[in-house]
Amino acid sequence: MTSLHGRLVAVGAALVLLLAVAVGYVVHAAAGGAQPAGHGSGGAGPATAAGDVGAVTSTGPFYAFKSSRLDRDFGRVAVAPASDPTRRVFTRDLRCTRLAMTGGRGLCLQPAPGVTVAIQALVLDGNLAVTHRLTLPGYPSRAKVAPDGRLAAVTTFVSGDSYASLGFSTRTSIIDASTGAVLFDLEKLSVTKDGRPFHASNFNFWGVTFTPDSRHLYATLGSGGRTYLIRADIAARTATVVTSGVECPSLSPDGKLVAFKKKVSDDPVTWRLWILDLATGREHATTETRPIDDQASWLNDRTVMYGLATDDSLSDGGGKAANPSAVDAGASVDTAMWAVAADGTGTPRLVLDHAWSAQLATTS
Amino acid sequence: MYLSSARARDAGLDRSVKGRGMRVPGNVVALGSVSLITDISSEMITAVLPVYLVFGLGVSLVSVGIVDGLYAGVTVLVSLLAAHVADRTQRRKAVAAVGYGLSAVSKLGLPAVGASLGGIAAVIGVDRTGKGLRTAPRDALISLSSPPDLLGRSFGVHRAMDTAGALAGPIVAFFVLRAAPGAYDAVFVVSFCIAAMGLLVLLAFVRDRRDRIAAGVDVSLRAGLALLRQREFRTTTVQATLLATVTLSDAFVYLLLQHRLDVPLVWFPLLPLGTASVYMVLAAPVGRLADRWGRRRVFVAGNAAMLAVYVVLLAPLPAAAVLVLALALHGVYYAATNGVLMALVTPSLPASLRTSGMAIVQSGTAAASFVSSVAAGVLWSWRGATFTLAVFVVGLTIALALVGTAAVGARRRATASA
């Protein structure tokens with residue numbers, strides 16, 4: 001072996017080289033090696049001036065959504081009249097990774113600043129002004145508001161909340177929208193399956209949808225690699241398993257149909273948009289054949305709306321197309337909202353370009 | 001303690017330590033640096049992997065968890081075989097270097113395989129194999145580089161450096177992702193570069209301990225396993241394995257803490273930092289204490305600290321007190337057991353079979369930890385958190401009582417034969 005001095009020089013040079021590679025790569029990635037960074041930054045051109053949101057929300061049905069055009073407005077919440085979806089009006093500075101808007105109330109999820117993994121859940125009034133703020137652990141995932149606007153549900157991804165070595169679980173909280181307080185976590189529900197108590201420490205709940213009377217909710221229960229659809233009585237804090245293989249349910253306004261993500265492949269994980277008829281227990285596919293990862297919403301009792309990534313980089317194989325759920329966590333991905341008939345006929349049509357997490361809301 | 005032939009042979013091995021200089025050998029510091037650098041690299045990945053898999057790729061973590069469990073068994077086999085090769089060829093540094101190299105390469109594998117579950121499983125497998133390969137040869141090198149009366153301290157210093165790296169890893173990942181949000185590939189590339197630095201430091205600055213195997217000394221696989229016929233080594237291995245069976249894994253300790261406190265889930269990812277900070281600060285001084293006061297005593301006391309963690313989790317104390325006490329005691333447990341156990345078994349292992357012996361102890365405790373996790377999972381699903389904790393309190397109390405009785409018996413035997 002050479003002298004200590006020689007080794008020091010040689011290793012020192014190699015270390016400097018490796019450091020340069022590491023720093024260089026990060027700088028390249030930060031400079032937008034692929035996409036504009038984070039929500040609310042990057043992109044070109046000035047941000048669009050805020051408009052009169054109240055003028056849109058007070059005149060009839062409107063879409064509330066997050067703008068996903070890869071420019072300065074990325075992540076900003078906007079509204080557009082249902083009669084003219086291209087006329088988007090931006091809020092002043094409301095930025096969300098996931099948005100819900102029903103019954104004159106809204107819920108906006110955004111990553112909280114700081115060193116911990118946490119989100120801010122903002123409760124909104126009918127004009128998208130913030131009324132309450134909550135901090136919850138995890139990454140933003142799903143948001144829903146009950147038809148009467150009194151309750152809201154938030155799902156986050158939490159790491160370290162499980163004893164599996166790569167533990168990664170979901171947490172779903174029910175919020176009283178009038179006070180902004182967490183009422184309970186779905187983990188506190190007593191669940192029955194086939195008439196018997198059903199519980200396990202590896203229970204995960206996600207994707208809440210409320211019944212038209214706002215007294216019950218449906219959600220996905222995951223346990224040991226299987227997923228179930230549960231129906232819960234909110235006041236009694238009880239739930240029963242309805243069926244299995246249903247993720248991210250979304251109840252039609254009349255409460256008869258459930259639009260959901262059906263897993264059609266494990267590797268890469270792929271979901272398709274399916275419909276479950278609660279009265280008959282039958283399920284069928286929609287004519288949307290592209291992979292989805294979104295909690296759908298309804299335009300009316302017969303039409304479902306859902307988001308898809310339009311970004312080419314997300315559809316170049318490797319299974320990435322199946323996962324714009326990174327969108328809900330804040331990744332910069334361009335998306336669009338599509339609609340398709342719930343009865344399995346027709347063809348999907350584009351509803352809103354450069355939009356994510358859209359809902360059709362009515363004037364309260 | 002008695003002076004075994006192995007100890008006699010070890011004495012004066014490292015010329016950098018003279019007399020009562022009380023300095024930790026340079027080779028140990030070099031190995032500590034390698035571990036520090038490597039742990040920055042690996043903990044960067046650990047911090048972002050779940051997020052990357054779920055948000056970056058959409059992989060179901062249930063499937064990854066299963067894959068992870070399967071590897072526990074493979075790692076045990078790999079480490080025993082690697083230790084045998086290291087002893088047989090007396091090339092411990094080379095075997096360790098292969099291990100560090102494999103783990104480094106696996107960092108680049110992650111972006112390469114994309115979302116393929118088989119690919120991810122293979123990459124994690126390569127990383128685990130690397131870890132299995134390097135641990136025992138590295139600990140053997142530490143023990144062979146250190147004078148016998150400094151073993152505890154040497155292992156302590158190594159573990160402190162190792163933990164410092166583990167603490168720094170997530171911070172580095174945080175800054176990379178802050179500079180380039182969503183750019184997981186940048187995290188992997190930086191992690192690879194850091195791992196390569198660790199490998200370079202190993203190759204350039206760690207001296208191998210190669211002894212010519214004397215004629216007639218058996219280094220076969222069978223001889224390695226025959227180490228267990230030696231009373232002192234067998235006793236320590238059995239005791240450490242028994243204690244590991246009734247020791248809750250980290251994940252469960254944090255889950256119980258969260259369950260007990262029921263509030264600050266936002267801070268949940270920071271709980272391991274509490275344990276690691278205490279471990280890092282105490283590892284060296286506790287190792288030194290072990291050298292003076294007795295390694296077995298300190299090892300047993302460390303396990304008693306784990307029992308105290310359980311008691312704190314059950315005790316009707318204010319939330320803040322539970323948090324601080326549980327994490328501090330958990331850190332004490334690590335400082336008094338992890339490196340101390342290696343220092344404890346060293347004198348009973350001949351230098352020619354040092355790596356194999358260490359791999360046997362490590363495999364025994366690793367397998368026991370796996371059993372413990374499965375048992376805790378079953379108990380938890382069946383009867384909940386408090387019940388699980390109560391069972392482990394009883395189990396650890398019995399195990400400590402058995403170990404204590406054995407120690408008294410051994411002392412009596414030693415006195416009688418003297």
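The table that follows gives values for the structure above.
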{"read-out": "Residue count for segment B:113-144, restricted to those that are polar (S, T, N, Q), away from chain A (no Cβ under 13 Å) and farther than 22 Å from B:GLY294 by Cβ", "value": "2"}
{"read-out": "Residue check for B:ASP262: more than 14 Å from chain A (Cβ to nearest Cβ) and modelled with pLDDT under 90", "value": "no"}
{"read-out": "Filter pass, B:ILE142 being farther than 21 Å from B:ARG92 by Cα and at pLDDT 90 or above", "value": "no"}
{"read-out": "Qualifying positions in segment B:343-359 - buried (at least 24 other Cβ atoms within 10 Å of the Cβ) and among the aliphatic types (A, V, I, L, M)", "value": "B:ALA343, B:LEU344, B:VAL345, B:LEU349, B:LEU353, B:MET358, B:ALA359"}
{"read-out": "Which listed residue is modelled with pLDDT of 95 or more, among the small types (Gly, Ala, Ser) and part of a helix (DSSP H, G or I), from B:ALA72, B:ALA97", "value": "B:ALA97"}
{"read-out": "Positions within segment A:216-227 being surrounded by fewer than 23 Cβ atoms within 10 Å (Cβ to Cβ) and modelled with pLDDT of 95 or more, in sequence order", "value": "A:HIS216"}
{"read-out": "Candidate set from segment B:202-223 (those that are part of a helix (DSSP H, G or I) and more than 21 Å from the chain's Cα centre (by Cα)); member that is farthest from B:ALA399 (Cα to Cα)", "value": "B:ALA204"}
{"read-out": "Qualifying residue in segment B:325-342 (condition: surrounded by fewer than 23 Cβ atoms within 10 Å (Cβ to Cβ) and modelled with pLDDT under 90)", "value": "no"}
{"read-out": "Wholly within segment B:290-389, helices (runs of 4 or more DSSP H) carrying at least 2 residues that are within 23 Å of the chain's Cα centre (by Cα) and within 14 Å of chain A (Cβ to nearest Cβ)", "value": "B:354-383"}
{"read-out": "Residue ID - nearest to the other protein chains (Cβ to nearest Cβ), chosen from residues in segment B:236-251 that are among the hydrophobic types (A, V, I, L, M, F, W, C), more than 16 Å from B:LEU349 (Cβ to Cβ) and outside any loop (DSSP other than H, G, I, E, B)", "value": "B:ALA251"}
{"read-out": "Subset of segment A:302-339 that is over 21 Å from A:ALA80 (Cα atoms) and more than 14 Å from chain B (Cβ to nearest Cβ) - its residue that is modelled with the lowest pLDDT", "value": "A:ASP312"}
{"read-out": "Residue among B:SER143, B:SER154 that is in contact with a Pro (Cβ under 7 Å, 6 or more places away or on another chain), over 18 Å from B:SER42 (Cβ atoms) and part of a helix (DSSP H, G or I)", "value": "B:SER154"}
{"read-out": "Every pair of residues 6+ apart whose Cβ atoms lie under 6 Å, when the first sits in segment A:187-200 and is in contact (Cβ under 8 Å) with a residue 12 or more places away in the chain while the second is surrounded by 13 or more Cβ atoms within 10 Å (Cβ to Cβ) and charged (D, E, K, R)", "value": "A:LEU189/A:ARG237"}
{"read-out": "B:LEU228 vs. criteria away from chain A (no Cβ under 14 Å) and over 22 Å from B:VAL311 (Cα atoms)", "value": "yes"}
{"read-out": "Meets criteria (touching a residue at least 40 places away in the same chain (Cβ under 8 Å), farther than 27 Å from B:GLY377 by Cα and crowded, with 18+ Cβ neighbours inside 10 Å) for B:ALA223", "value": "no"}
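The values are calculated or read from the model by the stated rules, or taken from the named source; none is laboratory data. These numbers were taken from a predicted model, which means no experiment stands behind them. Note: ideal-geometry Cβ built from the backbone for every residue, glycine included; neighbour counts use all protein chains shown.
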